[in-house]
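First comes the structure, then the notes that go with it.
Each reported figure results from applying straightforward, stated rules to the coordinates on display, with no laboratory input. This one's a predicted model, so the numbers in the text were calculated from it and none came from an experiment. As a convention, Cβ positions derive from the backbone with ideal geometry for all residues, glycine included, and neighbour counts pool all protein chains shown.
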Amino acid sequence: MPRNVDAALRRQEIVEAVKRIVIADGLGRVSLREVAAEAGLVVGSVRHYFGSSAELAAHAFDAVTDSVLGRLEAAGAAAHGTAEDGCVAQLCQLLPLDEARAVDLCVWTEFKLAARTRPELEPPAERSHRAVAAALGRALVRLCPALAQEDLVREAERLLATVEGLGLHAMLHGRWLDADLCTEVVRAQVASVGLAGAGAAGAAAGIH
């Protein structure tokens, strides 16, 4: 291997090849040989970085998660306006609203589903969920600082489940579920944060 090859860059090229294969044919076609061919490399070059297809898949899963998290955190940092605007901007990073997000979301979903039956993908799947939920939790703390911990967890999971379902619908039915409608749905969900808990508390106190 040439000494001037940047290891991080080469790993990223390999991950991009994995993503192209997953988009075209699904995760089942991901192997060291197929990825090498897609990246224009010899198998030995890929094997230099990844000892097996399982190791490569786990690394690619982590890389896609990092890409999603990077977008999510950047959206939160760049948001101007209300905490609600910031939360909406972050949640929209989990939707296929442009090509980059659509690619990552499709690949990310494939990896998460495959983790049900592939043990090597269980750790990155767990990390993926926890990291995204934690980022969303921080956004909700800014949005509703008075939320109790149990309410915060519930609302974070509710929003995450909503966005994951919405993202899948948008991937499958993008002709009518466009970016504007997706954003409207997300904004409506964010606006409802804390209302269920407040309603329950009011009912318990006899407030009608």
Report task. Please work out whether the chain counts as rounded, prolate or oblate from its C-alpha gyration tensor, where a ≥ b ≥ c are the square roots of the eigenvalues and a/c under 1.5 means rounded, while otherwise a/b larger than b/c means prolate and anything else oblate? Result -> prolate
**Report entry** Between region 113-159 and region 21-37, the Cα center-to-center distance that results, in Å
**Finding:** 29
Report summary line: Once Lys and Arg are counted +1 and Asp and Glu -1 for all other residues with Cβ under 13 Å from that of residue 95, the total becomes -4
Report task. Can you put 66, 98 in order of Cβ neighbours within 10 angstrom, beginning with the fewest? Result -> 98, 66
Query raised in the report: How high is the FRET efficiency between residue 187 and residue 141 when r is their beta carbon distance and R₀ equals 25 Å, given to the nearest 0.05?
Result: 0.85
Query - In region 1-91, the trypsin sites (Lys or Arg not before Pro) that fall in loop regions by DSSP, at most 14 other Cβ within 10 Å - result: 3
